[in-house]
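Engineer: Pasting a structure here, questions to come.
The values are calculated or read from the model by the stated rules, or taken from the named source; none is laboratory data. Just so it is clear, the model here is predicted, and its values are computed rather than measured. Ideal geometry is used to build each Cβ from the backbone, glycine not excepted, and the neighbour counts take in all protein chains shown.
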Amino acid sequence: MTESAPLASPARQRAKRLLTVVFPLLVLAVALHGLAGAFDEHGYRAVRQAFHDLGTGQLLLAVLLGLASYACLVGFDAIGLRRSGVRVHPARIGITAFLAHALGQTVGFAALTGGAVRLRGYRSAGLDLAQIGQVVLMSTLGFVFGAWVLLGAALCLEPAAAALALPLKVGALQTVGAALWLGYAAAILAVGHEGRRFSVFGHALWLPDRRTMLAVTALSVVELVLAAAALYVLLPDSTPTGLPGFVGMYLVAVLAGLVSTVPAGLGVFEWSLLKLLPQVAPGAVLAAALVYRVTYYVLPLLLATLLATAPVLRRPLRASAGATRAGWKTLRPWLPHIVALAVFSVGAALIVDGTLPAPHRHLHTASLPLLETSHLLGSLAGVVLLLIGQGLSRRSHAAWVLALVICVAAPLPIWLRGGQVLIAVAALLVAVALWTARREFYREGALLDQAWSWPWLRNLGLVLVAVVWLLFFVYSHVEYQNELWWQFALSGNAPRALRALLVVAMAVAIFAIGRLLHSTRGPLPAADEATLQALAPVLAAARDTQACLVLTADKAVLRDEAGLGFVMMQRHGGSLIAMGDPVGPPDVARTLIWRFREEADRLGLRPVFYQVGEAYWQTYLDLGLGLVKLGEEAMVPLQEFTLEGRDRADLRQAWNRGKRSGLSFRVAAADELPALMPELSAVSSAWLDDKAGEEKGFSLGSFDPVYLARFPVALVEAEGRIVAFANLWHAPAGHELSVDLMRHLPDAPKGTMDFLFIELFLWGRERGDIRFSLGMAPLSGLADHRLAGRWSRAASLVARHGERFYGFSGLRRFKSKFAPQWRPRYLAAPGGVHLPAALLDATRLISLEPRH
């Protein structure tokens, strides 16, 4: 066993993420530049004419062939599931596989995107991660085997076509094709009857048995031929190559798109086809490719959206309706993502439609003011849909309302500006899907609170790059002049498109600036006095003094229905943070943990429990949270505490020294505090000035007269003045004492705080209390072994080398001299990248200056 590799630096991670956004944008820009070079200044007219030349029969045949290809794709999942040995309902297989391929083909990174869909779709059917991974692998191998065989055949039989796009000669390509065939034959022989496992560059790979490999290859060949035929039927009759030869060209274009990392190979696929089909008019090739994208990518996505929101799947189901029930259970987790992608697609279509010229027949009857206004409004609606799509995927209710309003209203500006009827119909269908799935969008929070993912930024950038290119492509015959911005005429399509693009750019810029300025969410409303008074019976039954933190009045309170328990919590950044375990009986506390998780989900925040104990660790794990150790809390057993004996000599000397210095101890009741408050305030201010510190919050109390008046206060006096004080927390049911604020004058006699604690221990023992909490020693008690977890090793490193900034070891030594028992305290939060974010949110929340 070897030591875990260190985590990559944040800067390196950001650079990698930025590269995943920038690289596809650069590839798309280069591909679009190559596309534009294949046309003259009237390229748009040629493409539009090619669209008009397409017949209805061609369109229907392309749709049927595309759907048949998707049916074959579903077969890969069926083969993989058959090998797993787990019986899965056919409806679940069909819907899950269709969604996986529809989203994977459209979004890109099909193995990852489709794998996520299958994880949700098949996990509830009883498959484990290994079995689901085998299904994903089978789907990936299906494409690989089919492409392997077909590409080898194409390079052997028709190498001249591939030579147009690849930097190799015909003879070399035939050699490559023969090598591919020989390699496939060798793989068939090598896998044998049981399959084969091997390693390549340290990565474990698996190939299925010979029979399965042949079956998957045959299915893949059929699927790829059907997909290629769906594009081939859209090409003009004058295309010189037949379908067998075109299949090889199609595969070369598909592989070029996959290598580019651009979703669906946008732009790269089209540019490759132009290079592979030089004998066909560029306008006809581009028109066929665009229609193919609609029939093979957009139509399945639309079908997935309608399927996911079909009302029949949401009605109460009879026991016999197994297929419907299985379909609904499979679809429901993916509703927000499917609807979000559909909304994003409608937004992109609206912006593209605003770039294209209005039909001449519409210009003869249009009103210029209405035409100009509707043009700008349509493009603005499109960019808003692009920007709120991320919020929809995260179930934001505000994003849902805005998307529904825009999709319902979008057909009006489309009609006024003479736009595409299909876009208006698609917007209305998406509006129906939004309304049908309305219960799935329940999370509160402003749109600016929604964190943007890198893939969503990439997709937004791809749309904007494509629209800018489209503007220059469509109006390449128009010479740019500054006066174009101010030309308002019915025939002024180019000026209208320029102004629409300006509106889109301004909307994106305003949204980005708003995101930068809106750095955090506001806090939840703190519990009022009536709520705090109602918690008195629960606090009286508390076994942990940490429950008294609710009385700082800077936290919201989540109570159970019977009022037997509560969770104190607050929101900061992207986290909903609970302070400690829920307070109340164990059964109530476990229920409240789930209630808190539901509340975090409703608000669209990550659930975080700060400084929890060991009582409910199983429930936290059931929530899907991870536990990391924050430190250990020092608990002094009061009934065993004494100043007698050799082991307590240092404490005895400290107590005697305090007595000789004239120190006295007493506990002031709550009714005495109003008269003492000015003197206590002076001590607190002097302590803060001496420490050059500020008041903390959330996990600590602050000097607030209203808060202090709720507790008795321990006082240390010298020569008739208060030199130190601490307010006392008490958990009656647990017979536990603790202190919160501990403050002293800078000129207090040496050992004043030792004297205070010793007196408190003796006072608590006489009262019959069992233990006294000295609070937590941060980053103590952590494993420091080289094979320990990354968090433990990193925290131990901070504790060792951060002593100059915070006395980690000094604080533990101070508490250790009272011979305490140590009990661990943990942070329960989602794992992965959420863990450091949760820690940062909790730290910032504690550091906020309290508001009184």
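Engineer: Quick check: is even one residue across the range 547-558 within 26 Å of the chain's Cα centre (by Cα) and either free of Cβ contacts under 8 Å to residues at least 40 places away in the same chain or surrounded by 24 or more Cβ atoms within 10 Å (Cβ to Cβ) (or both)?
Structural biologist: Within the range 547-558, one or more residues are within 26 Å of the chain's Cα centre (by Cα) and either free of Cβ contacts under 8 Å to residues at least 40 places away in the same chain or surrounded by 24 or more Cβ atoms within 10 Å (Cβ to Cβ) (or both).
Engineer: State whether one or more residues within the range 225-232 are at pLDDT below 85 and not acidic (Asp, Glu).
Structural biologist: no
Engineer: Just give me the residues in the range 726-783 being under 17 Å from residue 641 (Cα atoms), out of contact with any Gly (no Cβ under 8 Å at 6 or more places or on another chain) and of a type in the set (Gly, Ala, Ser), in sequence order.
Structural biologist: Scanning the range 726-783 gives 764, 768, 773.
Engineer: Take the residues in the range 389-441 that are in a loop (DSSP other than H, G, I, E, B) and more than 18 Å from the chain's Cα centre (by Cα); name whichever of them is surrounded by the most Cβ atoms within 10 Å (Cβ to Cβ).
Structural biologist: Step by step, filter the range 389-441, then rank; the result is 410.
Engineer: Condition first: at pLDDT below 85 and surrounded by 24 or more Cβ atoms within 10 Å (Cβ to Cβ). Can you find one or more residues in the range 380-388 that meet it?
Structural biologist: no
Conditions tested, residue by residue: (1) closer than 21 Å to residue 845 by Cβ; (2) in a loop (DSSP other than H, G, I, E, B).
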{"residue": "539", "(1), (2)": "no, no"}
{"residue": "547", "(1), (2)": "yes, no"}
{"residue": "554", "(1), (2)": "yes, yes"}
{"residue": "562", "(1), (2)": "no, yes"}
{"residue": "578", "(1), (2)": "yes, no"}
{"residue": "581", "(1), (2)": "yes, yes"}
{"residue": "588", "(1), (2)": "no, no"}
{"residue": "591", "(1), (2)": "no, no"}
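Engineer: Return yes or no: is residue 571 within 17 Å of residue 846 (Cβ to Cβ) and not in a loop (DSSP other than H, G, I, E, B)?
Structural biologist: The answer is yes for residue 571.
Engineer: Sticking with this one: Test residue 296 against the criterion of being part of a helix (DSSP H, G or I), more than 19 Å from residue 462 (Cα to Cα) and touching a Ser or Thr at 6+ places or on another chain (Cβ under 8 Å), and give yes or no.
Structural biologist: So residue 296 passes the test.
Engineer: Checking residue 282 against (1) over 30 Å from residue 496 (Cα atoms); (2) modelled with pLDDT of 80 or more, which single condition isn't satisfied?
Structural biologist: (1)
Engineer: Under the condition of being assigned to a helix (DSSP H, G or I) and either modelled with pLDDT under 55 or touching a strand residue (DSSP E or B) at 6+ places or on another chain (Cβ under 9 Å) (or both), which residue from the range 766-796 is nearest to residue 714 (Cα to Cα)?
Structural biologist: By that ranking, first place goes to 767.
Engineer: Kindly indicate whether any position in the range 255-277 is part of a loop (DSSP other than H, G, I, E, B), assigned by TED's automatic domain parsing to the domain that holds residue 147 and farther than 15 Å from residue 28 by Cα.
Structural biologist: The answer is yes; a qualifying residue exists.
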